[in-house]
Amino acid sequence: MRAMADHRVIVIGAGIAGLAAALTLAARGAAVTLLERAPSPGGKMRQIPIGPARIDSGPTVFTMRWVFDELFAEIGTALDDHLTLMPLEILARHAWTDGSRLDLFADEDRSADAIGRFAGRSESEGYRAFCRDARRIFEVLRDPFIRTPAPSMTHLLRNAGFRDLTAIRPFQTLWKALGGYFRDVRLQQLFGRYATYCGSSPFHAPATLMLVAHVEQAGVWLIGGGMHELAACLAAMAKRHGVTLRYDCDVAGIVTQGGRAAGVRLADGEQITADAVIATADVAALAQGLFGADAARALPALPRSARSLSAMTWSCMARADGFPLLRHNVFFSRDYRAEFDQLIDARAMPQQPTVYVCAQARDDQPRNAGTSEPLFVLINAPATGDHHRFESSEISQCARQTFDLLQRCGLSVATTPELTRVTTPVDFNRMFPGTGGALYGRSSHGWMASFQRPGAQTKLPGLYIAGGSAHPGPGVPMAALSGRMVAARAILDLASTAPSRRTAMHGGMSTR
């Protein structure tokens, strides 16, 4: 504690990774300054105010709560002491344009029974085999990969062994693997959708992503007040542990001195010194030079073709009729392959999109319709927000295709332009520069993709990275893991060095 108190650390970005990193460092005694360009914490975990409601318009699914249980235990408290969590019995409701519906449950037996009634006994047996294999993949990867700061194939082989490496099926696409469990194309669609959780296509991503199904099967929780409450809670905890939080604070560059990161320069010219800088912006933004040439040289460039998917979303107050919505609902397109051919190969909006609807006033029990309620509607989109304008006519066409598909599945959504906020890849690129709107960093296409996500350390001493575009990948719990691992790496490095003597930097240092 005493040694860490002699060190100053700057964390760029108050998303989940930045908040987890700042909280972990502060709890160990470091002097932490957290800089965020937005007016509030959360990063992609944002809320949009519409009328009296504040609609979660980023991540909406909370899983792997053990990650946050560990984080809160590390700082001497418990997650349940600060947030109200409710486990869902029904994970999601799924629908198709032929009128069929299927619920997945937190209880595997109930899901197997539902699948048996939906598609027959053989598909139910296939589901049980799928769950066994998904669980094994997760267990094989949890410690030697997911919880390892900078994994490599050599490390994975040494810790998991060749037999287990074969079991994670890295050389087979998810879609092809699903064909071995399910003959019903609707079930292939349902479980293939897990590739989109990391912004990828089931026709290109490895079967390793079956582990996402196990993660959800292990538990999905609702957070009282919405997902943004998690970010607000972490920010409050960080402040309580001495973190200096500064919002509306735009970092223009990472300053180097003596061949290492030595602080940051803000857009207004202010400079702040530090012994270490942790950047949670997208890796692509750093690699493109948006934080300076020295930082750019510290990371590999990400080609446009390797970007993950973006999204087009509608946050609205609306009346939903004709379909018994739950909290999480998915409405599938007729032709999944055509949808992803358009998204991945043509880099275009799909003509028939699969639609996700989060009914945020609901849990896993249907309620009477007829009143206005907050809805978050999402379709996948290509990450072209830095070179494609998305004119109003294209946005209107996407809206027609999206809400027409919902109508064909039985859901009628009535809202008005005044009560609707649309977000396109252009908007996501503006909020997260350098990404084109990609929401998950690098796509998970190809068996080596997961090993191409950079770990916490960079080539520039004193500069570290974390977040959904770094290892271990996208998603709320993964970002938190990334933040915890980068803090641990920084603590180890700082503890092994004597406190540096700070010298004057050009432009001075503000004490504001």
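The values are calculated or read from the model by the stated rules, or taken from the named source; none is laboratory data. The structure displayed is predicted, hence computed values, not measured ones. Methodologically, a virtual Cβ is constructed for each residue, glycine included, from the backbone with ideal geometry; neighbour enumeration extends over all protein chains shown.
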Step by step: first the residues of the range 237-275, then only those that are aliphatic (A, V, I, L, M), surrounded by 15 or more Cβ atoms within 10 Å (Cβ to Cβ) and not in a strand (DSSP E or B), then the one that is farthest from the chain's Cα centre (by Cα). Which residue is that?
ALA274
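Kindly indicate which of LEU104, LEU141, LEU190 is modelled with pLDDT of 95 or more, buried (at least 19 other Cβ atoms within 10 Å of the Cβ), within 25 Å of the chain's Cα centre (by Cα) and in a helix (DSSP H, G or I).
Details: LEU104 fails: in a helix (DSSP H, G or I); LEU141 fails: modelled with pLDDT of 95 or more.
Every option except LEU190 fails the conditions.
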Is it true that PHE171 is modelled with pLDDT under 70, out of contact with any helix residue (DSSP H, G or I) (no Cβ under 6 Å at 6 or more places or on another chain) and either within 24 Å of SER308 (Cα to Cα) or part of a helix (DSSP H, G or I) (or both)?
no
For ALA311, only one of the following conditions fails: (1) assigned to a strand (DSSP E or B); (2) farther than 30 Å from CYS409 by Cα. What is its number?
(2)
Among the residues of the range 14-40, the number that are of a type outside the set (A, V, I, L, M, F, W, C), within 15 Å of the chain's Cα centre (by Cα) and not in a strand (DSSP E or B) is 1
Could you list all residues from the range 288-305 that are touching a residue at least 40 places away in the same chain (Cβ under 8 Å) and either more than 13 Å from VAL255 (Cβ to Cβ) or touching a Ser or Thr at 6+ places or on another chain (Cβ under 6 Å) (or both)?
GLN288, LEU290, ASP294, ARG297, ALA298, LEU299, PRO300, LEU302, ARG304
Among (1) under 23 Å from PHE331 (Cβ atoms); (2) aliphatic (A, V, I, L, M); (3) not assigned by TED's automatic domain parsing to the domain that holds ARG136, where does LEU178 come up short?
(3)
Would you say THR60 is assigned to a loop (DSSP other than H, G, I, E, B), of a type in the set (Ser, Thr, Tyr) and within 26 Å of SER412 (Cβ to Cβ)?
yes
Please indicate, with yes or no, whether at least one residue in the range 382-395 is closer than 20 Å to TYR194 by Cα and touching a helix residue (DSSP H, G or I) at 6+ places or on another chain (Cβ under 9 Å).
yes
When LEU85 is run through (1) under 19 Å from HIS214 (Cβ atoms); (2) touching a strand residue (DSSP E or B) at 6+ places or on another chain (Cβ under 8 Å), the failure sits at (1)
Could you list, ordered by first residue, the pairs with Cβ atoms under 7 Å in which the first is in the range 9-31 and at positive phi and the second is among the hydroxyl-bearing types (Ser, Thr, Tyr), at least 6 apart or interchain?
GLY13/THR280
